[in-house]
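The values are calculated or read from the model by the stated rules, or taken from the named source; none is laboratory data. Because the structure is a prediction, the values reported are computed rather than measured. Note that we place each Cβ from the backbone using ideal geometry, even for glycine, and neighbour counts take in every protein chain shown. For accessibility, only protein heavy atoms count, side chains too; no ligands or nucleic acids. Shrake-Rupley method; radii C 1.70, N 1.55, O 1.52, S 1.80 Å.
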Amino acid sequence: MASNVVVLDSSLRRTVVKVNPGTYMTDVLEQACQKFKLKASNYGLKYNNKPVELSSPYRQTGLPPGAKLELVIASRSPSVVSVALQLPESLAASVPGGRLIDKFPSDTTLWLILRKFESKDSGQNLNFTARGITQIENGGASGAGRIFYEMPSLNIMGRDFSDFGGLQKNLAQLGFNQGSVAIRLGFKATDQPLEEAMKEIGQYFKEEAAPSNEVSKEPKEEVETITDAIAKLPSNEPGDVEMTNTDTLAVPSTETVPTSEDKQPAPLTPSKRPAPSSEASPEAQLLGPDQRPIQVFSAPTDSTPKAALRPHNEDDFEPTVAHAKLHQSRLQENSFNKRLPSDAEQERLEQEKAQKLAKKTQVTIKIRFPDQQSTITTFTAAESGNSLYAFITGLIAAEDQPFKLVYKNPGPQAVPRNEKKLIKDLGFEERVLVDFVWEDAASEDARKKSVLKSQYVEAAKEIPVLESPKEDSKEEATTSGQAGLDKGKGKEVSTGGKSKGGVPKWFKGLGKK
């Protein structure tokens, strides 16, 4: 029996949509947004402040005739939906269980779901979107045969999508914003030749490949721009050599014999100038196990930390007006509610973190031993936890005693003795501090003696401490402080570089706690 519902938007505009028991609520949303000239993918429906399940037909929603539905703005962040694709009998035998299961963001189109299931590394050669069937033209009993396109047909809760326009809809437009959905796959023969269908597919879905092409072009354009900029640098030396791209070095196939002219030193161009490096030459560096460069620092000779021996200024601990304003702004910022990231956003953050770690080529690790000695070594992205343990075993005197390495991520965790990569799997980047800890089974003799071998203890040096720049003399500070001027009510006299007045009394007590 036909009925109708009323849809109201935020500006109290209303429209009446005719429905029948089999009308899906997504169709109601699309008709209402079409009359309001809005984009249906950005909105949802609510009844009595409860969201309406858009994927259900009208008879399953429990809405009364003439129900007033509210048009509300939907969440812009996509959520994760579990999709189960039921294969037809002709393909079900090649897949365990006859179905493929995976998770997709709610803004993924049906066509892209089929494409991702095709490219999934399941060991099966699956083809859902480019199938062809041989038929005789014009439907005759005899004649020339031709390959016609076989269109994929998807059945979702009784709804069929068997054209390119329907396959462009995403899960959110069909009302699936969370949970799971089952899709039954079938194929429908068409009268369209396969080559024409491929052209039409390129017109419908060419926008999917556009973003990836743009991303791939950006690094290339950036490299060319940097290279051109370096090539244009002025040089006062004659006979500059033509510059090449330093990122792609070509290996010459044949070696040329240098002549007398070639033996002369070539002028230094910007690309040939040696980069300054703070590291010592390989001959001056201390080499550890496996000929790896290493720096060894001795234990401190004084029980009092050097930071505690430095003189300090009491005025540095007095908060200023800028500190008070910053403190109040942080309190105000923390008082606002913040939306928690969705599953799709968390997955995107994890992917970005993995891509960031994939670009790291090396990591500097500082190992701190129980006797306060320490070493600094560089490891590459290809090395694992076993490589780190093997290197430490070659440094210590008691190689047969058990030990473990502990790092913080964020709490204390032991470096595993396996083939997990230090950068990719453990998340090591830039500089990492690792503590050397003896196991319970280690002997007392090994604990009391020096941990490192004698050759490394003899080559150890003190940790360099940088001296802070000296402050101006008190006379200069007093002279500059007396130059303050009183302006109206905001009188502020600077003495010794310190600002008086304007600081709340309640805030001054924070610096003394």
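Here is how the numbers come out for the structure above:
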item	result
Pairs with Cβ under 7 Å, 6+ apart, first in segment 369-382 and assigned to a loop (DSSP other than H, G, I, E, B), second open to solvent by 50 Å² or more (accessible area, probe 1.4 Å)	D371/S450; Q372/P300; A381/T361; A381/Q362; A381/K421; A381/K424
Which listed residue is more than 31 Å from the chain's Cα centre (by Cα) and open to solvent by 60 Å² or more (accessible area, probe 1.4 Å), from K448, K421	K448
Subset tally (residues that are farther than 22 Å from Q168 by Cα and in a loop (DSSP other than H, G, I, E, B)) for segment 84-109	3
Unmet criterion (only one of (1) part of a loop (DSSP other than H, G, I, E, B); (2) within 23 Å of the chain's Cα centre (by Cα)) for Q401	(2)
Selection from segment 15-29 of residues that are in contact (Cβ under 8 Å) with a residue 12 or more places away in the chain and outside any loop (DSSP other than H, G, I, E, B)	T15, V16, V17, K18, V19, Y24, M25, T26, V28, L29
Qualifying residue in segment 183-198 (condition: open to solvent by 40 Å² or more (accessible area, probe 1.4 Å), closer than 30 Å to I73 by Cα and at pLDDT 85 or above)	no
Of residues in segment 1-46 being over 14 Å from L69 (Cα atoms) and charged (D, E, K, R), the one farthest from the chain's Cα centre (by Cα)	K35
Filter pass, G427 being touching a Lys or Arg at 6+ places or on another chain (Cβ under 7 Å) and either of a type in the set (G, A, S) or modelled with pLDDT of 90 or more (or both)	no
Every residue from segment 305-363 that is open to solvent by less than 100 Å² (accessible area, probe 1.4 Å), touching a residue at least 24 places away in the same chain (Cβ under 8 Å), part of a helix (DSSP H, G or I) and farther than 30 Å from S79 by Cβ	D315, V321, H323, A324, H327
Filter pass, S10 being over 17 Å from G175 (Cα atoms) and either among the small types (G, A, S) or in a loop (DSSP other than H, G, I, E, B) (or both)	yes
Any hit, segment 71-83, residues being at pLDDT below 85 and in a helix (DSSP H, G or I)	no
Tabulated pairs, segment 37-50, first assigned to a strand (DSSP E or B), second open to solvent by 50 Å² or more (accessible area, probe 1.4 Å), C-beta under 8 angstrom, 6+ apart or interchain	Y43/I73; G44/P51; G44/I73; L45/P51; L45/E70; K46/E70; Y47/K68; Y47/E70
